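Beneath this line is the structure, given in structure tokens, with notes to follow.
The values are calculated or read from the model by the stated rules, or taken from the named source; none is laboratory data. Just so it is clear, the structure is predicted and the values come from calculations on it, not from any experiment. Cβ placement follows ideal geometry from the backbone for every residue including glycine, while neighbour counts extend to all protein chains displayed. Side chains included, ligands, DNA and RNA excluded: accessible areas come from the protein's heavy atoms. Shrake-Rupley method; radii C 1.70, N 1.55, O 1.52, S 1.80 Å.
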Amino acid sequence: MRRVLHLALHDTRLFLGARENFFFMFLMPVMFMLFFSVVFTGNSVEDVKISLQVVDEDGGWLSEAFLAQLEGEQFDLRILTPAEADTTAYIRRAVIPAGFTDSLLVGNQVEIGFIKRSGSNVEYDAAADVRLHQAQVAFLGSLVAWNQKDQEITPERQAELLALIAEPRKITVTEEYAGQGRPVPSGAGQSIPGMLTMFVIMTVLIGGSESLTREKLGGTLARLAATPMSPGEILGGKILHLGLVCLVQAVVLMAAGQLIGRSGLFGIDFGWGPNFWAVILVAIPLGFSSAALALFFGGIFRTTQQAESLGWLFGMVFSALGGCWWPLEVMPDFALMLARFFPTYWAMKALHGVVTFGRGFDAILLPGLMLVMFGALFTWLGVRTLKVTT
């Protein structure tokens, strides 16, 4: 065991000390974390002002008061006359009918028309519909509080209604997900765990398979076989070396992700949560499966050029189908079924269980076992393909 550990630590020191590896292992992943977190975060519908054209066919003072109510519902309003509406394109439009003011003053029901253009954003249309109903309810509440019955409607009385409309709401409703759960991961919640998993496995697939192929072709493995070390100790040292590389990279990228979230850089909000220790535990079987896969690739590749190019290609495929680029929840059923045959799928499932859904050891148990099984399979294949002989 001492010889295995000595070989692993020696190779890890050389690997981490290479300047070209520093950029790919640490700087590039952080840049990707920042970029994709900013690009895919966006604003939620609740925070966006939704465009809405309003056609005022009434022109009365109550229709003007209702327009003031709409201003408080996060609409990007454009008010049109009926003549302008005939020649103006729209995405979504509300129509205040003629007689709106007179009908309300005598207590009659009035319907606000709402039309949407075919092909408009369904999510924004739904939000606009909700906000329009909120505006109507709030406006009716202001009318009840104003209570103009049996009183002369003077400019002062009209100003009283406008003052009621302008008052801040006394009741606010806050909604949140109950229990352990959050929406589909997006922004930093998807990008930071995804980039961590992607670069951890790609570092080992590219660098590990290339170095093993080079040592195989250059006779380094054969010279090691001439030492008192057994072939099993040599291969064990190589797997342990690549696993240590994975673990070091994962811990550094975890710290970088936490720092990005804490600093609020570019408005990014992220944290590994109270069960961050479980993320480190996930990195161990992920490192084992990645190292074993590199061992297998090192046995089947015939040139270092093959190792570098195909290692990159396989890393990209593993990342895309394993849910590193996009949430697993948005993938079609056939892709999800295929994804289960990739270690990246189980790594992302475990990370989202901990980070996104706030779970602990139970979230990583099954994924961790699957990653260990992948590692055992690839180790068996690697031992059969990568011959260590003098």
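Quick notes on this structure:
- Sorted largest first by accessible area at a 1.4 angstrom probe radius, with every protein chain in place, the residues Arg359, Arg262, Arg3 fall in the order Arg262, Arg3, Arg359.
- Protection proxy ranking, peptides 327-335, 209-217, average beta carbon neighbours within 10 Å, highest first: 209-217, 327-335
- Residue-averaged 222 nm ellipticity for the chain, from DSSP H runs of 4+ at -39500 (n - 2.57), nearest 500: -20500 deg cm²/dmol
- Label corresponding to Cα extents along the principal axes in Å when calculated from the structure given, among (1) 107, 42, 36; (2) 60, 43, 40; (3) 61, 51, 43: (1)
- Using a probe of 1.4 Å, the accessible surface attributed to His133 totals some 100 Å² when neighbouring protein chains are kept in position.
- Carbon plus sulfur fraction of accessible area for the chain, probe 1.4 Å, in percent: 62 percent
- List Trp146, Trp326, ordered by accessible area with a 1.4 Å probe, largest first: Trp326, Trp146
- Kyte-Doolittle at least 0.0, axis length at least 15 Å by Cα - qualifying DSSP helices, the chain: 2-17, 28-41, 61-71, 122-146, 155-166, 188-203, 231-263, 276-300, 304-321, 343-355, 361-385
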